[in-house]
Amino acid sequence: MIRVIIADDHHIVRQGLRALLERDDRIEVIGEAADGQEAVELAEKLQPDIVILDIAMPRLDGVQATSKILALDTKTQVIVLSVHNRRKIAQRVLRHGAAGYLLKNAVNEELILAILAARRGEIYLSPEISKSILNNLWNLEQEAGSDDPSMQLTAREHEVLKLIVDGFTNNEIGEMLHISPKTVSKHRMNLTTKLGVNDVTGLMRVALKEGLVFLDE
């Protein structure tokens, strides 16, 4: 039996995924999470075989949650669901260790195939994404280098960037991350330098364009 946790901030989506998975007698849904942080905590507690993560969630997005789950001392694999069909986003997810990237508009029996593949230690991609990556395979090594904005930012900078895009002030971000507003301001300055912009509007534009953060879907 393959033990699975579902993480999505929309209850109706979790219900639909659960109904789909429970039709297969090889799969058992052992838990649900409504945000990325809860998914990490549940994965640590229940140690499932697979965690299915929505890419756009509160607290931690799917990419951040993937990194934290895979850092746990478990054999848990992660499959990310997304509405984004852009190759760069899929590659970012894969570089953080996910075993699958599926487009939400195609999730049905394909999700079962992805779970079975991940259980075998394989990577599964939606065909549209797989074709795009294969067509650009020659460029993967270059994109994974220092020119990729996602690889320039620290984990803390990713957290600060997400909260900036969500509209929080320095004081609010400091309280949420348990750091001083002065430290938040320093992170903000580092972000503008690394991403080559001058203000918050520029940060938001680049963050969304490059798939560094995700708005709730």
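The values are calculated or read from the model by the stated rules, or taken from the named source; none is laboratory data. Treat the numbers as computed from the prediction; the structure is a model and nothing was measured. Cβ coordinates were reconstructed from backbone atoms using ideal geometry, including for glycine residues, and neighbour counts include every protein chain displayed.
Close Cβ contacts (under 8 Å, 6 or more residues apart or on different chains) running from residues in the range 164-193 that are free of Cβ contacts under 8 Å to residues at least 60 places away in the same chain and not assigned by TED's automatic domain parsing to the domain that holds T154 to residues that are of a type in the set (V, I, T) and part of a helix (DSSP H, G or I) are absent. Selection of the range 68-83 for residues being farther than 11 Å from L53 by Cα and in contact with a strand residue (DSSP E or B) (Cβ under 8 Å, 6 or more places away or on another chain) yields L70, T76, V83. Here E41 meets the list (1) under 17 Å from K162 (Cβ atoms); (2) without any contact (Cβ under 8 Å) to a residue 40 or more places away in the chain; (3) surrounded by fewer than 17 Cβ atoms within 10 Å (Cβ to Cβ) almost entirely, failing just condition (1). Contact map, the range 79-95: residues that are closer than 15 Å to D8 by Cα and without any contact (Cβ under 8 Å) to a residue 24 or more places away in the chain paired with residues that are crowded, with 18+ Cβ neighbours inside 10 Å and not acidic (D, E), Cβ distance under 7 Å, separation 6+ or inter-chain. No pairs are found.
One line per residue, one yes/no per condition, for (1) assigned to a helix (DSSP H, G or I); (2) more than 19 Å from L17 (Cα to Cα):
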| position | (1), (2) |
| --- | --- |
| Q64 | yes, yes |
| K75 | no, yes |
| N105 | yes, no |
| L111 | yes, no |
| I115 | yes, no |
| I129 | yes, yes |
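In the range 33-52, what residues are closer than 18 Å to L102 by Cβ and at pLDDT 95 or above?
Residues satisfying the conditions are A33, A39, P48, D49, I50, V51, I52.
If we keep just the residues of the range 11-38 that are of a type outside the set (A, V, I, L, M, F, W, C) and without any contact (Cβ under 8 Å) to a residue 24 or more places away in the chain, which is nearest to V63 (Cα to Cα)? Taking the candidates together, the pick is R14.
Run down N190, N198, N105, N171 and say which single residue is modelled with pLDDT of 80 or more and in contact with a Pro (Cβ under 6 Å, 6 or more places away or on another chain).
Matching residue, one of N190, N198, N105, N171: N171.
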